[in-house]
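Below is one structure, written out as structure tokens; comments come after it.
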Amino acid sequence: MISELRRDPTSGAWVAIASARSTRPSDFRIIHGEQKKGTCPFCYGSEHMTPPEILALGREVEAPNAEGWQVRVVPNKFPAFSLDYDDSIDVDPDALEQDRLYVSIPAVGIHEVVVEAPEHDSTFGTHSQSRMEDILTAIVMRFRALRQDNRVKYLQAFKNWGRAGGASLSHTHCQLIAVPIVPEIIQTEVDHAGQYKDRTGRCLYCDINEGEIEARERIIQESDHFLTFCPYASKFPYETWIVPKQHKASFEDISKDELSDLARTLRLIVGTFELAFDDVPYNIVWHTAPWNGDFSAYYHWHLELLPRLATIAGFELGTGYYINPTAPEVAADALRESIPEESKN
Ligand SMILES: [Zn+2]
Ligand SMILES: [Zn+2]
Ligand SMILES: [Zn+2]
């Protein structure tokens, strides 16, 4: 059964009720220890355990759903969003009767898994440069393909790492979820960037980059194409943003040079986190322009690395405000010092 998107009448927020997933209290029990490697659906030899693949890079001979791949994209076995819905239902949220107390639409969308490597335990910090480039290439290819589908308005790419980061399978992977409504966080960023553009004539993110380069207080690393820093109002301790220097609204418009630079930057930054902390859980989220308009003049794609070092608790849940115990200036200093000597610039 397809999940449902319900609108909370008190806040306007959309919630996906994913009925195909956990249902009974016992399904929420905490699983101790990692999954046994022999049964991992993402390791070589388990290709039959996933739905048929959408894309695979690196096979020397064409043999779908067999070993030999380097990066493999498959549909999520338990999708939170799906195109398998009754298409007689109007799924355009703008066409809904706004005055009704309870409104819902089917959770129309696409949910895919990017298996980053055949090696179960490799990470963004330990992948080779060519592996990391392949992963980003696969993600870009999916962005370019999925944006053709006008049933979806936004594609959220993300990585969950560690149990506290929400990873339910330990084999290294990213996820892609295409959704029919522009998510609130993205809409807020787009609106703020638009207002900033109206006031100043400039791009907010280009100005942030310039300001950070000038201030030199929060920068962790700078490369030809990217600036990596702890943002001024970091919500989480050691929150880190990777922002392209060239103004571009959409991740899928990344150039070849930018892609290899981003691969290098991610390997370095995640590798630095792995050196500085002992196996830190984190999420990496892509923020890029939605597909329901032209935001090229003022939105600017970027990645946010959100370490899960502190738990979200009552105050955060009650107010939406975050209390961050580590100033971004301190975090950036510590991370900069943890960068391996040979990678410093
Ligand atoms: Zn595995
Ligand atoms: Zn910009
Ligand atoms: Zn953002």
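The values are calculated or read from the model by the stated rules, or taken from the named source; none is laboratory data. Just so you know, these numbers come straight off a predicted model, no measurement behind them. Methodologically, a virtual Cβ is constructed for each residue, glycine included, from the backbone with ideal geometry; neighbour enumeration extends over all protein chains shown.
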Residues in the range 210-224 that are out of contact with any Ser or Thr (no Cβ under 8 Å at 6 or more places or on another chain) and surrounded by fewer than 22 Cβ atoms within 10 Å (Cβ to Cβ) total 8
State yes or no: is I135 part of a helix (DSSP H, G or I), aliphatic (A, V, I, L, M) and within 16 Å of ligand 1 (Cβ to nearest atom)?
-> yes
Could we say that W241 is more than 23 Å from S168 (Cα to Cα), in contact with a Leu (Cβ under 9 Å, 6 or more places away or on another chain) and in a strand (DSSP E or B) here?
-> yes
All-but-one check, E214 against (1) without any contact (Cβ under 8 Å) to a residue 12 or more places away in the chain; (2) touching a Phe, Trp or Tyr at 6+ places or on another chain (Cβ under 8 Å); (3) more than 15 Å from ligand 2 (Cβ to nearest atom), failing number (2)
Residues of the range 308-345 satisfying the condition of being closer than 18 Å to W241 by Cα and part of a helix (DSSP H, G or I) | P328, E329, V330, A331, A332, D333, A334, L335, R336, E337, S338
All-but-one check, T265 against (1) assigned to a loop (DSSP other than H, G, I, E, B); (2) more than 24 Å from S11 (Cβ to Cβ), failing number (1)
Look through P244, P237 and report the one residue that is surrounded by 14 or more Cβ atoms within 10 Å (Cβ to Cβ) and within 16 Å of ligand 3 (Cβ to nearest atom).
-> P244
Qualifying positions in the range 178-193 - within 16 Å of ligand 3 (Cβ to nearest atom) and either part of a helix (DSSP H, G or I) or out of contact with any Lys or Arg (no Cβ under 8 Å at 6 or more places or on another chain) (or both) = P183, E184, I185, I186, Q187, T188, E189, V190, D191, H192, A193
In the range 165-209, which residues are touching a Ser or Thr at 6+ places or on another chain (Cβ under 9 Å) and away from ligand 2 (no atom under 16 Å from the Cβ)?
-> T172
Residue list for the range 144-172, restricted to those being more than 26 Å from S46 (Cα to Cα) and touching a helix residue (DSSP H, G or I) at 6+ places or on another chain (Cβ under 7 Å) | R144, R147, V152, Y154, L155
Please work out if R202 is more than 30 Å from Q70 (Cβ to Cβ) and away from ligand 3 (no atom under 16 Å from the Cβ).
-> yes
Determine the pairs where a residue that is within 8 Å of V74 (Cβ to Cβ), located within the range 43-55, has a partner that is surrounded by 14 or more Cβ atoms within 10 Å (Cβ to Cβ) and among the charged types (D, E, K, R) with Cβ atoms under 7 Å apart, the partner being 6 or more residues away or on another chain.
-> E53/R72; I54/E112
From the options A313, A297, residue that is among the small types (G, A, S) and either surrounded by 15 or more Cβ atoms within 10 Å (Cβ to Cβ) or at pLDDT 90 or above (or both) = A297
